[in-house]
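Scroll down for the structure; my scribbles are underneath it.
The values are calculated or read from the model by the stated rules, or taken from the named source; none is laboratory data. Quantities reported herein were computed from a predicted structural model and do not represent experimental measurements. Every residue, glycine among them, receives a Cβ derived from its backbone with ideal geometry; neighbour counts consider all protein chains shown. All accessible areas refer to the heavy atoms of the entire protein, side chains included, with ligands and DNA or RNA removed. Shrake-Rupley method; radii C 1.70, N 1.55, O 1.52, S 1.80 Å.
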Amino acid sequence: MASQGCSGFVRGTMKATKDIYYDVVITGSGFGSLFFLHKYLRQFPTAKRILVLERGRLNSHGWQLSKGKNSDIDVADTIAIPEGHKPWKFTIGLGGGTNCWWGMTPRMHPSDFELYSRYSVGTDWPISYADLEPYYVEAEDIMSVSGDVGMEVMFPRSAPYPQPPHRLAAPDRVLKQAYPGRHFAVPVARRRIATSQGRACCAHGNCNLCPVDAKFNLFNGMSEVYQDPRVSVMQEAEVTGFETADLNISAVTYRQGGQMHRARGELFVLGANAIFTPYLLQKSGIASEFTGKGLNEQVGAEVEVLLDGLDNFDGSTATSGINYSLFEGEHRRDVAATTVVFRNRWPNGLRHEYGRWRQLLSIWITAEDLPQAGNYVSTSDRDGIPLVFHTGASDYASNGIKRALSALPELLRPLPVESIGKVNWRKTESHIQGTTPMGNDPASSEVDHRLIHHKYRNLVIVGSSVFPGCPTANPSLTVAALALRAGDLLV
Ligand SMILES: Cc1cc2nc3c(=O)[nH]c(=O)nc-3n(C[C@H](O)[C@H](O)[C@H](O)COP(=O)(O)OP(=O)(O)OC[C@H]3O[C@@H](n4cnc5c(N)ncnc54)[C@H](O)[C@@H]3O)c2cc1C
Ligand code: SF4
């Protein structure tokens with residue numbers, strides 16, 4: 001299936017494009033670009049020439065499995081991180097983060113879009129949950145998301161999930177009873193039921209390299225977008241900058257096969273992830289004073305809990321339940337909202353005692369953060385290598401984790417807990433957000449609510465760089481929904 005998906009892609013063999021004037025030139029082929037183009041192709045049937053410039057290669061599912069990695073390009077060779085600063089994870093390759101992601105697809109909560117109005121902290125988004133809701137539905141349909149329709153008590157929805165929820169593991173079944181309306185099966189883009197696109201998830205728990213190809217990615221879920229006859233995909237084409245004429249982008253420059261090229265066009269879309277997107281604006285001399293600032297991701301911590309007499313790991317996917325008991329409320333004026341995810345796997349191994357191997361629980365707590373201007377992306381003295389500074393998250397976020405840890409014994413009271421182990425603060429959540437934020441005011445944001453650049457009106461920026469805040473939810477479903485909306489509103 002995956003290899004069929006790959007064979008039709010245009011390989012990076014096209015010649016320089018100086019004589020072609022494109023309707024759209026897209027930088028990057030990951031989540032944001034893919035969902036934007038999906039919508040654009042439907043909305044603009046007369047557009048005939050679309051160019052996608054992707055720095056990485058097409059690495060098929062088979063290639064990734066055989067090599068045990070998602071890309072032939074090492075992240076460490078693409079960015080510079082000062083000693084002691086936070087590490088970042090991403091994939092350089094056709095499909096971007098759709099390759100390596102774990103398929104977690106919770107929606108952002110209505111309150112996440114109104115954090116400032118409700119709690120006088122952070123920023124309001126320039127759109128509401130209601131504005132994005134139809135696009136959440138569309139993105140969930142495309143990715144065959146499996147989820148619990150009961151979540152609508154917190155996350156209103158206009159249509160059911162396309163797939164039923166995954167089977168909960170034993171501890172989650174207990175907690176769902178104890179916390180009605182607060183504990184749910186985690187929504188995931190890992191198929192509960194086999195479809196014509198691929199097999200059902202079998203809870204293997206290695207989702208960045210899923211052996212059965214049950215998790216949505218470019219190749220098994222949306223290959224038709226880049227195989228559309230109107231679309232030319234250039235691999236190993238590294239965009240190096242933008243050229244401008246008056247207040248328009250007139251061309252992108254890119255390096256391919258050791259040579260520099262230029263592609264001219266009408267509309268430009270930039271979706272190179274939240275590190276390279278601001279970096280390309282900076283390198284092109286079209287950055288504003290805040291471009292690249294506010295780099296962020298959630299703060300995470302893991303805890304292992306020993307259970308007394310309750311066997312775990314009978315759920316049907318890698319992550320079983322999500323609990324929102326510590327999420328919404330007045331505490332958000334002072335400390336972060338947190339979500340608690342219950343994993344259907346055992347990262348530190350099973351228990352050793354005879355017959356009690358499965359009596360443990362792996363918990364993952366995630367806190368929202370408030371973007372800090374002191375965490376930022378900038379150019380460096382090495383060509384093509386951004387410098388990525390992140391000295392730490394806000395106290396708001398770390399205090400949110402501490403609040404959740406203090407509340408954990410009470411939260412877990414419905415379970416037969418033997419002991420709660422020591423806390424492991426996670427180095428990264430593998431999300432990169434916030435360096436070209438959306439907003440209504442050009443004085444404090446890069447793009448408007450349609451993701452159009454405030455100054456260069458033929459430039460659309462997609463991807464998680466446009467997030468003005470950092471809610472607890474994993475970002476990619478929202479990236480996809482925002483990109484679908486941007487494609488829709490372009491009309
Ligand atoms: C291990 C891992 C697990 C994750 N799990 C989840 C999860 O479960 N749920 C979730 O919501 N999110 C998850 N994520 C995060 C998810 O991958 C990102 O949120 C998502 O990919 C962001 O989309 P994007 O469009 O901003 O960037 P990307 O999808 O990263 O796309 C950027 C694209 O731009 C290309 N590019 C970069 N520079 C250039 C250039 N100069 N020229 C041309 N092309 C360029 C890249 O190669 C890439 O294809 C995970 C990430 C990792 C690493
Ligand atoms: S849990 Fe296993 S089968 Fe399911 S998506 Fe992850 S790796 Fe694939």
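What's the carbon and sulfur percent of the range 203-310's accessible surface, probe 1.4 angstrom, rounded to a whole number? Write down the numbers at each step before the final one.
On the way: 1610 of 3610 Å².
Exposed carbon and sulfur together represent 45 percent of the surface.
Below 11 angstrom from the Cβ of H183, what's the summed charge of the other residues (Lys, Arg +1; Asp, Glu -1)?
Numbers: positive: R173, K176, R182; negative: D148, D172.
Taking every Cβ under 11 Å from that of H183, the sum is +1.
Please list I193, I249, I81 in order of solvent-accessible area, largest first, computed with a 1.4 Å probe with all protein chains present. Could the numbers behind the result be given before it?
On the way: I193 85, I249 5, I81 65 Å².
Solvent-accessible surface, decreasing: I193, I81, I249.
Determine, for each peptide in 92-99, 115-122, 277-284, 356-363, the mean count of other beta carbons within 10 angstrom over its residues, then list the peptides with the highest first. Provide the component values of the computation, followed by the final result.
Working: 92-99: 27.2, 115-122: 16.1, 277-284: 23.9, 356-363: 20.4.
The densest-packed peptide leads the list: 92-99, 277-284, 356-363, 115-122.
Read phi for every residue in the range 471-487 and hand back ³J(HN,Hα) as whole Hz from Karplus 6.51 cos²θ - 1.76 cosθ + 1.60, θ = phi - 60°, with x for Gly and Pro.
x, 5, 5, 4, x, 5, 4, 5, 4, 5, 5, 5, 5, 4, 5, 4, x
How much of D72 can a 1.4 Å solvent probe reach, expressed as accessible area in Å² and rounded to 10?
Result for D72: roughly 60 Å² accessible.
If you place +1 on the Cβ of every Lys and Arg, -1 on the Cβ of every Asp and Glu, and leave all else neutral, what size is the dipole of the chain about its Cα centre, to the nearest 20 Debye?
Values: 49 positive and 49 negative charges, 212 e Å.
For the chain, the charge dipole is close to 1020 debye.
Multiplying the sequence separation of D308 and D74 by 0.36 nm and subtracting their Cα-Cα distance, what value in nm do you get?
Working: separation 234, 0.36 × 234 = 84.24 nm, distance 4.30 nm.
My answer for the length gained is 79.9 nm.
Using a cut-off of 12 Å between beta-carbons, work out the net charge of the residues near A301 (Lys and Arg +1, Asp and Glu -1, A301 not included).
Net of charged neighbours comes to +2.
Just read off the accessible area of K48 with the full protein assembly in place, 1.4 Å probe, to the nearest 10 Å².
Here the accessible area works out near 120 Å².
Can you work out the PRE-style zone for K455? Point 7 Å along Cα to Cβ, and I want the residues of the range 257-284 with backbone N under 16 Å.
Within reach of a label on K455, which here means backbone N under 16 Å from a point 7 Å along Cα→Cβ, the range 257-284 contributes 278-284.
Contour minus end-to-end for W357 and V212, with contour as 0.36 nm per residue of separation and end-to-end as the Cα-Cα distance?
Going from the current span to full extension adds 49.6 nm.
With each label point set 7 Å from Cα along the Cα-Cβ vector, what nm distance links E418 and A178?
For E418 paired with A178, the spin-label model returns 1.7 nm.
Which order do S465, S66 take by accessible area at a 1.4 Å probe, largest first?
S66, S465
Given an 8 Å cut-off on Cα distances and at least 6 residues of separation, report the relative contact order of the range 135-256 as a percent.
Numbers: 156 pairs, mean separation 21.9, N = 122.
Here the relative contact order equals 18 percent.
Which is farthest toward the positive dipole end of the chain among P211, L34, V335, measuring Cα position about the Cα centre, with Cβ charges +1 (Lys, Arg) and -1 (Asp, Glu)?
My answer, from the dipole projection, is P211.
Nearest 5 percent is fine: what portion of the DSSP beta bridges confined to the chain is antiparallel? Intermediate values should be presented prior to the final figure.
Numbers: 52 of 72 bridges.
Close to 70 percent.
Take the solvent-accessible surface of the protein heavy atoms, probe 1.4 Å, and return the percent of it on the range 356-454 that carbon and sulfur atoms account for.
Working: 2170 of 4300 Å².
The computed percentage sits at 51.
Once the Cα atoms of helix 273-283 and of the chain are each reduced to a long axis, what angle between those two axes, in degrees from 0 to 90 to the nearest 10, is obtained?
Approximately 30 degrees, to the nearest ten.
Once both axes come from the Cα atoms, what is the angle between helix 31-43 and the longest principal axis of the chain, in degrees from 0 to 90, rounded to 10?
Helix 31-43 and the main axis of the chain meet at about 60 degrees.
If you count only protein heavy atoms with a 1.4 Å probe, what accessible area per residue comes out for the range 436-491, rounded to a whole Å²? Let's see the in-between values first.
On the way: 1400 Å² over 56 residues.
Ligands and nucleic acids excluded, the result is 25 Å² per residue.
Rounded, prolate or oblate, given the Cα gyration tensor of the range 387-440, with a/c below 1.5 counting as rounded?
Working: a/c = 3.00, a/b = 2.26, b/c = 1.32.
Prolate is the answer for the range 387-440, as a/c is 1.5 or above and a/b outweighs b/c.
Using 0.36 nm per residue of separation minus the Cα-Cα distance, give me the extension gain between Y116 and E243 in nm, one decimal. Don't jump to the answer; show the numbers that get you there.
Working: separation 127, 0.36 × 127 = 45.72 nm, distance 3.66 nm.
Here the answer is 42.1 nm.
Rounded, prolate or oblate for the range 307-398? Axes are the square roots of the Cα gyration tensor eigenvalues, ordered a ≥ b ≥ c, and the cut-off for rounded is a/c under 1.5.
Oblate is the answer for the range 307-398, as a/c is 1.5 or above yet b/c matches or exceeds a/b.
About its Cα centre, how strong a charge dipole does the range 70-216 have in debye, to the nearest 20, once Lys and Arg get +1 and Asp and Glu get -1 at the Cβ?
On the way: 14 positive and 16 negative charges, 149 e Å.
Roughly 720 debye, rounded to the nearest 20.
Taking 29 Å as the cut-off for C-alpha to C-alpha distance, list the pairs among K176/K293; K67/K89; K67/K427; K283/K402 that go past it. Kindly include the intermediate steps, with their values, before the conclusion.
Numbers: K176/K293 40 Å; K67/K89 18 Å; K67/K427 25 Å; K283/K402 40 Å.
Correct reply: K176/K293; K283/K402.
Find out how many positive minus negative residues lie around S158, taking Lys and Arg as positive, Asp and Glu as negative, among other residues whose Cβ is under 10 Å from that of S158.
Details: positive: R157; negative: E133, E152.
Computed value for this residue: -1.
Pick out, from C470, G315, M108, the residue whose Cα sits farthest towards the positive end of the charge dipole of the chain, with +1 on the Cβ of Lys and Arg and -1 on the Cβ of Asp and Glu.
Checking the options against the dipole of the chain, the answer is G315.
Which of the lysines could a cross-linker span from K48 if the Cα-Cα distance has to be under 19 Å and same-chain partners fewer than 8 positions apart are dropped?
Straight-distance partners of K48: K15, K18, K39.
Angle check, please: helix 395-411 long axis (alpha carbons) against the longest principal axis of the chain (alpha carbons), in degrees 0 to 90, nearest 10.
Taking Cα atoms only, the helix is inclined about 30 degrees.
Per residue, how large is the accessible surface of the range 77-134? Use a 1.4 angstrom probe and give square angstrom.
Numbers: 2060 Å² over 58 residues.
It amounts to 36 Å² per residue over the range 77-134.
How much accessible area does W102 have with a 1.4 Å probe, in Å² rounded to the nearest 10?
Probe radius 1.4 Å; accessible area of W102 about 70 Å².
Per residue, what accessible area does the range 167-255 have, given a 1.4 Å probe and all protein chains present, in Å²? Mind dumping the intermediate values first?
Values: 3370 Å² over 89 residues.
Per-residue accessible area for the range 167-255 comes out at 38 Å².
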